[in-house]
1. Quick one: Karplus J couplings for region 505-522, per residue in order, coefficients 6.51, -1.76, 1.60, θ = phi - 60°, nearest Hz, x for Gly and Pro?
2. Under 10 °C and 1.306 mPa s, how fast does region 1-160 diffuse according to Stokes-Einstein, given a Kirkwood radius computed over C-alpha pairs? Answer in µm²/s, whole number.
3. If we sort 522-530, 584-592, 241-249, 8-16 on the protection proxy, mean other Cβ atoms within 10 Å, highest first, what's the order?
4. Karplus couplings for region 484-495 from phi (6.51 cos²θ - 1.76 cosθ + 1.60, θ = phi - 60°), rounded to Hz, Gly and Pro as x?
5. Using θ = phi - 60° and the Karplus form 6.51 cos²θ - 1.76 cosθ + 1.60, what ³J(HN,Hα) does each residue of region 454-466 get, whole Hz, x for Gly and Pro?
6. Ranking request for peptides 472-485, 108-121: highest mean number of other beta-carbon atoms within 10 Å first, then the rest in descending order.
7. Would you order THR187, THR96 from fewest to most other beta-carbon atoms within 10 Å of each residue's own beta-carbon?
8. P(r) for region 486-532: what percent of alpha-carbon pairs falls in each 10 Å bin, starting at zero?
Amino acid sequence: MLAYIYAGVALGSIYAISVSGIVVTYVSSGVLNFAFGSLAYFLARFYYYLNTEHGWSQIPAVVVAVFLAGPALGAFLYLALFRHLRLASQLIKIVTCIGVSVALPALALMVFGNATIDSAPGLASEPVRVYRVFGAPLNLNEVIALVSVLVVVVLGTLVLQFTDVGLRVRAMVDSEALTSLSGVSPTRISLCVWMVTTTLAGFAGVLVAPSKGLTPDGMTQLMAAAFAAVVAARLRNLPVAVGVAMAMGIVTDVIQKYLPANSSLTHAILVSIPTFVMAAFLLAYILASGKIHDGSATGGALDQAIRPTGGDSASASAAAAVVKSRTGWSLYMLGPVIIIGIVALLPLVLEGYWLTLLAGGLAFGVVFLSFTVVVGEGGMIWLCQAAFAGCGAVVTAQFATNHGMHPLLAALLGAVIATPIGVVVGLLTIRLGNLYVALVSLTVGMLADNLIFTRQTFYQDGVGVPVSRPGFAVDDRAFAYLTLAVFVIIAIFVVNLRRSTTGQALAAVRYSEPGARTVGLSLLGMKLLVSAISTFIAAVGGSLVALNYQSALPTTYATFGGLVWLAVLVTVGLRSITAALLAGLMFTLTPGIFQTYLPTSWGNVPTLLFGLGAVGLAIDPDGVVAQYARHIQALIGKVASRRGSTEPDPPGGGDGPTTDTSGVAQHALGATR
């Protein structure tokens, strides 16, 4: 038992170091670092590159890779990106971090090589020295982890509580504005914090690599475990976060003594422990207080006074975006119609491999539409859409393959089964702040990954359950047209939803929940409606993806893979229906182009570009489609004015950057009456 406890204390120590970095970053800058795992992977991979591949000894390798490169990377990210995000909406903060999270592993693979590293050395020399403490083995890597967390916690506490630097950091947490007025530079303080916390990420990555492996997935599990402790600490209480992290590490290793070895269920339980902890604390807080706010409002009253109004815009736009009521034909529809017409011609000119990629891109376009609805229209930061897509896919395969049901009917049934799950998620998150909504949805996705999709019934030894296409769409060309038809039908539904009275109410709720509540709009009804619609669309899209590949493989729908989907979509445009179509095509065709026409070493460039595109959300929240739409908006306005029409919104379904929002809630309420 002592051996399990020692291993658990070492793992908990690594979790505690990670938690320290995430909490300090959040309270000082207002950014919950979703890129922590990728930072850990990048720096740990650099350490492996120096230590193992180039023969450096441990001390110089860790000094260069962690204690020099770590602060440099943190300073670069803060100065180039995160210093602009303190007053940004939670959506922009989260998606920007996701962009960094997607880009860094791809960059590491390009720079350091793409070899799979399942086991990596830590800071102890090989072979690792083992000690006997009270009769149980304790290896040197575990000792280093325990000593490291003691140094980090004790030194961090002393610095924060008893030094001028700590006083300045705590002052900025209370109020950045007042700190600035006192002559202290908040930028300099935040810069130092990012340098230190990025170093902690790299150090945690090096420490965890011997037990979890040096892979992006392993570092993602490290981040997920740290997030569980952060949630338990309500994002801010560092001692509680460290205590929960240590407890999780001990439980994770001790419980292995009582579970059967080499069992898929054992593995699923172990990797799900942080998720269970996060879910338990979230549920306890909801039951105790009825709601949880994320304190996206960092700082004090003066900071709130100078903060831009409007809250989290569903379009992640700096300007308020509210959908205007439209009737009949208008010129803003011309762009999407032309683009869909061009896409409809592509199956006629593409063959073989490219036609398969095109059909897959159209299927992913349907999945991306679910993000457009739940995040763009509903303003809810859901990160579990991949899980709902996977639910639709595995249910479709089960009914079509094992029960002989028609594939399209099975896909419809899969969407119907998934929809109540989405409604429950919407109900659980109705009283949560946006950051907690993101964390809850991430928890739901990880539970699906670890407990459902790993079942042999669905996984089938890594090949998934085969599923056949409908008889009239067996070949790729016919299936591409079937998928495009489904996309168009759903797109028309979304457009009509926006134009409807319900769409007006959704716009009012998205722009200002307190204002919408004041005029009598039902936040519960609106958000549950969006939850149901987006889940249904995601499940339908996931079924189409499975039909395209003719196999429902759960790993295709991994939750953190879904974050890449979100990164691709926001690159093009979050609220634009046309952007969902283009993003789906980009997601499949871009890697195909690189694999076919460019050197093999460039294979990770598309993922890097997707990540950088999501990072660009901090610069232009509306995406590429809206960028080009603004260039032609004036021209369309001139043409429309000649017809006596009002100035249209940008093509593609996205809202313009300066839409008038006065009276929208009252208009929506009056229309509902």
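Just so you know, all these numbers are worked out from the coordinates, no wet-lab data involved. Worth saying up front: this structure is predicted, and the values here are computed from it rather than measured. Ideal geometry is used to build each Cβ from the backbone, glycine not excepted, and the neighbour counts take in all protein chains shown.
1. In residue order, the calculated couplings are 5, 4, 4, 5, 5, 5, 6, 7, 5, x, x, 5, 5, 5, 8, x, 6, 8 Hz.
2. Working: Rh = 17.5 Å.
Using the Kirkwood radius from Cα pairs, D works out to 91 µm²/s.
3. Values: 522-530: 18.4, 584-592: 20.9, 241-249: 23.7, 8-16: 26.3.
With the highest mean Cβ count within 10 Å placed first, the list reads 8-16, 241-249, 584-592, 522-530.
4. Residue by residue, region 484-495 yields 5, 5, 4, 4, 5, 4, 5, 4, 4, 4, 5, 4 Hz.
5. Taking θ as phi minus 60°, the curve returns 7, 5, 4, 4, 9, 7, 6, 6, x, 10, x, 8, x Hz for region 454-466.
6. Numbers: 472-485: 18.3, 108-121: 14.6.
Final packing ranking: 472-485, 108-121.
7. Numbers: THR187 14, THR96 27.
Fewest-to-most Cβ neighbours within 10 Å comes out as THR187, THR96.
8. Each 10 Å bin holds this share of Cα pairs: 27, 50, 19, 4.
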